[in-house]
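Before any comments, here is the structure.
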Amino acid sequence: MNQEMAAPEKQLGSDIPHFSVRLSPTPRGARLARLLTEQQLRTWGLPLERPTQIVAELAANAATHGRVPGRDFQLLLYVVGETLRIEVTDTRGDRLPRLTCPAEDGESGRGLVLVAALADRWGVAEGRHPRKTVWAEVTLPAPEPGGSCSGATGGLSQERNQG
């Protein structure tokens, strides 16, 4: 892993739960991003549905529109307070995503519409040339008092696994 791609991890304090992985910009890499996200969220005891769907859309976009042969995309998940932040970084900074209304009969163009609907906040950050990061944030539900957390109810479990 090169230094530039490792930088976000190094900026995160050791007490912040985080997970980072580089994947090939292919349909298989996008699918693996979704599966790894689901597993990591289960480990942390966080809700699965919205964040996993967001990762699926952002990873599919990285594999489709951010693909540069020989260059991976990076998935980074981390939790600060009651917010889960999802970042997908690819090496096509010249192709910034735009939220558009898809054609009714179109077979594509709905990914960012779904991200906008599922995330509490989302955006694009230009990185060091040629990178861009598409990010989304999901506010986590407060854990139930005295209850244990599972993947279905949300909140961080007492034991924070850092990936």
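The values are calculated or read from the model by the stated rules, or taken from the named source; none is laboratory data. Small disclaimer: the values here were computed from a predicted structure and weren't measured. Because the Cβ atoms are built from the backbone with ideal geometry, glycine has one as well, and the counts that use them run over all protein chains shown. Side chains are part of the model used for accessible areas, which takes the heavy atoms of the whole protein and leaves out ligands, DNA and RNA. Shrake-Rupley method; radii C 1.70, N 1.55, O 1.52, S 1.80 Å.
Tabulated results
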quantity: Residues whose placed amide H lies under 5 Å from that of His18, excluding near-sequence neighbours; calculated: Gly163
quantity: Extension gain, Ala125 back to Arg31 (0.36 nm per residue minus Cα-Cα distance, nm); calculated: 31.5 nm
quantity: Protection proxy ranking of 52-65, 125-138 - average other beta-carbon atoms within 10 Å, highest first; calculated: 52-65, 125-138
quantity: Residue-span extension gain [His65 to Leu99] - 0.36 nm each, minus C-alpha spacing; calculated: 10.9 nm
quantity: Surface accessible to a 1.4 Å probe, Asp15 within the full protein complex, Å²; calculated: 110 Å²
quantity: 5 angstrom amide H check on Val80, placed H, neighbours 5+ away; calculated: Arg85
quantity: In nm, spacing of pseudo-spin labels at Ala117 and Arg22 (7 Å Cα→C-beta vector); calculated: 3.5 nm
